[in-house]
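Engineer: This is the structure I have questions about; it appears just below.
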Amino acid sequence: MFVCFDDPSVWKVSARNPFVMCGQKNLIITVSHLLLDPYDWGPLSAIRFVHYPIKSKVITKLFHQGFSYYRSKQVNQATYWVCDRTKQSNCRARITIFEDQRVYKVTNSYHTHDPMYTKLCF
């Protein structure tokens, strides 16, 4: 539940959605360590891809800042990835990879859960 006042320094926000629209201005509230820069761009070399062989197919996961993602869809030169905890924790975090430019963009950085740091060998 959001409460916006004329003074933008006085407001309340729920932990589920850190984005508030108040007076034609977007206010971004940091909720502990779970909210990263919402428009985080970077080179593909900063992201780790891990391939898991499962039965007769190979699953590819993306790891970024302690969170894992799976591929949702691919349209033209863009690949869309969603958080692994989308269904369990109702997490809405998203990453888009632009293959032609070799960069990624964090399109939604808010996670509803803590990061899952796993031991990966690179």
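Every read-out reported here was derived from the displayed coordinates using simple, explicitly stated rules and does not represent laboratory data. Remember, predicted model here, so these are calculated numbers, not experimental data. Cβ: placed from backbone, ideal geometry, glycine included. Neighbour counts: every protein chain shown.
Engineer: At 7 Å along the Cα-to-beta-carbon direction for both Thr60 and His113, put a label point, then send me their distance in nm to one decimal.
Structural biologist: Here the modelled spin labels are 2.3 nm apart.
Engineer: Still on this structure: Around Arg92, which amide H atoms from residues at least 5 apart in sequence, or from another chain, sit under 5 Å from its own amide H, with H modelled in the peptide plane?
Structural biologist: Here Thr112 satisfy the definition.
Engineer: Would the range 41-108 count as rounded, prolate or oblate if I go by the C-alpha gyration tensor, calling it rounded below 1.5 in a/c and otherwise prolate when a/b exceeds b/c, oblate otherwise?
Structural biologist: Since a/c reaches 1.5 but b/c is at least a/b, the shape of the range 41-108 is classed as oblate.
Engineer: Set the Förster radius R0 to 22 Å, insert the Cβ-Cβ distance between Phe98 and Tyr52 as r into 1/(1 + (r/R0)^6), and round the FRET efficiency to 0.05.
Structural biologist: With R0 = 22 Å, the Cβ-Cβ based efficiency is 0.35.
Engineer: Please give the FRET efficiency for Asn90 paired with Trp41, using the beta carbon to beta carbon distance and R0 = 30 Å, rounded to the nearest 0.05.
Structural biologist: 0.70
Engineer: Order the peptides 59-68, 42-51, 104-113 from the highest to the lowest mean number of other Cβ atoms within 10 Å of their residues.
Structural biologist: 104-113, 59-68, 42-51
Engineer: Still on this structure, please answer the following. Please work out how much length the chain gains when fully extended from Lys105 to Lys73, using 0.36 nm per residue of separation minus the C-alpha to C-alpha distance, in nm with one decimal.
Structural biologist: 10.0 nm
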